[in-house]
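Working notes, structure below.
The values are calculated or read from the model by the stated rules, or taken from the named source; none is laboratory data. Bear in mind that the values here come from a model prediction, so they are computed numbers and not experimental data. Heads up, the Cβs are rebuilt from the backbone with ideal geometry, glycines too, and the neighbour counts pull from every protein chain shown. Side chains are part of the model used for accessible areas, which takes the heavy atoms of the whole protein and leaves out ligands, DNA and RNA. Shrake-Rupley method; radii C 1.70, N 1.55, O 1.52, S 1.80 Å.
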Amino acid sequence: MGKRGQVSLEFMFVFALMLVLLVYSVKNTTFDQGTVSADTLRVQIALEEKNLANAISNTINQVYSQGPGSKATTYIRLSYLRDPAYLEKVWNVKNPKVFITYGQLPGGPSGNGTYITVTGTGFNLVLSGGDKNVLWSRSMYQAILYGNQSVWSPRGSVSLGSSTVYGLEIDPTNLPVTLKIVVEWNPDSPDSWTFNSAKGELRINISPGE
């Protein structure tokens, strides 16, 4: 075989190899349920939920440790939680919403803190085990807020056994790229958690003496 024929065969082999890799890459980025990429995406979403829970709890801790009249602001970038298509495929729900609440849920981790999950049609709240779909971050502020409807705006709810858990219910498309978290301790106002989609802001008031 001449050099030209050998080069041609080598070229075709390399081309075929690249084509196979391209097809695999395209399939791998479709995020089909049950594929490796879907599992990877699930991890990325869970990490973002955990980071958001940490950001909220840490900002609350900062204000709580400073005392009445204090205020703190934190900024956090969001990506995966803003895409309803990702949330639908990973959690197998329809009309997904980001749900945030605060307290110590029965059957959950020991201690008060911020809970974040993704709800929607077909959603089932799981606090522990291999199918756990709730992320949590501990906070020093000892308040059970999930039973109080008036704390949350926009308000949503999920079922936990025979109990109803209230919290923030946010449409993923309303979340900003950079979420502003403002926490203050105003003794003259009750506990409140308000998400303002126009401002891209989550504003929280804690009231330990309430």
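If Ser162 satisfies every condition in (1) farther than 17 Å from Phe99 by Cα; (2) touching a strand residue (DSSP E or B) at 6+ places or on another chain (Cβ under 6 Å); (3) of a type outside the set (Asp, Glu) but one, which is the exception?
For Ser162, the exception is condition (2).
Working only within the stretch 53-97, note down all residues that are over 13 Å from Ile116 (Cβ atoms), among the hydrophobic types (A, V, I, L, M, F, W, C) and at pLDDT below 95.
Correct list: Ala85, Val90, Val93.
Just wondering, is there one or more residues in the stretch 173-184 that are open to solvent by 40 Å² or more (accessible area, probe 1.4 Å), more than 20 Å from Thr73 (Cα to Cα) and among the charged types (D, E, K, R)?
no
Considering only residues of the stretch 124-148 that are without any contact (Cβ under 8 Å) to a residue 12 or more places away in the chain and open to solvent by 40 Å² or more (accessible area, probe 1.4 Å), which is nearest to the chain's Cα centre (by Cα)?
Going residue by residue through the stretch 124-148, those that are without any contact (Cβ under 8 Å) to a residue 12 or more places away in the chain are 124, 126, 129-132.
From what is left, the residues that are open to solvent by 40 Å² or more (accessible area, probe 1.4 Å) are 124, 129-132.
On the way: Asn124: 16, Gly129: 18, Gly130: 18, Asp131: 16, Lys132: 13 Å.
Checking each candidate, the answer is Lys132.
If you scan the stretch 53-82, which residues turn out to be open to solvent by 50 Å² or more (accessible area, probe 1.4 Å) and of a type outside the set (Lys, Arg)?
Asn58, Gln62, Tyr64, Ser65, Gln66, Pro68, Gly69, Thr73, Tyr75, Ser79, Tyr80
Go through the residues of the stretch 149-167 one by one and say whether even a single one is touching a residue at least 60 places away in the same chain (Cβ under 8 Å), open to solvent by less than 20 Å² (accessible area, probe 1.4 Å) and either closer than 21 Å to Asn61 by Cα or in contact with an Asp or Glu (Cβ under 6 Å, 6 or more places away or on another chain) (or both).
Scanning the stretch 149-167 turns up at least one residue that is touching a residue at least 60 places away in the same chain (Cβ under 8 Å), open to solvent by less than 20 Å² (accessible area, probe 1.4 Å) and either closer than 21 Å to Asn61 by Cα or in contact with an Asp or Glu (Cβ under 6 Å, 6 or more places away or on another chain) (or both).
For the structure I just gave you, tell me whether Lys199 is open to solvent by 10 Å² or more (accessible area, probe 1.4 Å), more than 24 Å from Val93 (Cα to Cα), modelled with pLDDT of 95 or more and part of a strand (DSSP E or B).
Values: open to solvent by 10 Å² or more (accessible area, probe 1.4 Å): yes; more than 24 Å from Val93 (Cα to Cα): yes; modelled with pLDDT of 95 or more: yes; part of a strand (DSSP E or B): no.
Against the criterion (open to solvent by 10 Å² or more (accessible area, probe 1.4 Å), more than 24 Å from Val93 (Cα to Cα), modelled with pLDDT of 95 or more and part of a strand (DSSP E or B)), Lys199 does not qualify.
Glu10 passes all but one of (1) charged (D, E, K, R); (2) outside any helix (DSSP H, G or I); (3) modelled with pLDDT of 55 or more; which number fails?
(2)
Given the options Thr121, Thr194, name the one that is open to solvent by 40 Å² or more (accessible area, probe 1.4 Å), in contact (Cβ under 8 Å) with a residue 24 or more places away in the chain, within 18 Å of Ile60 (Cα to Cα) and touching a Lys or Arg at 6+ places or on another chain (Cβ under 6 Å).
Exactly one residue qualifies, and that residue is Thr194.
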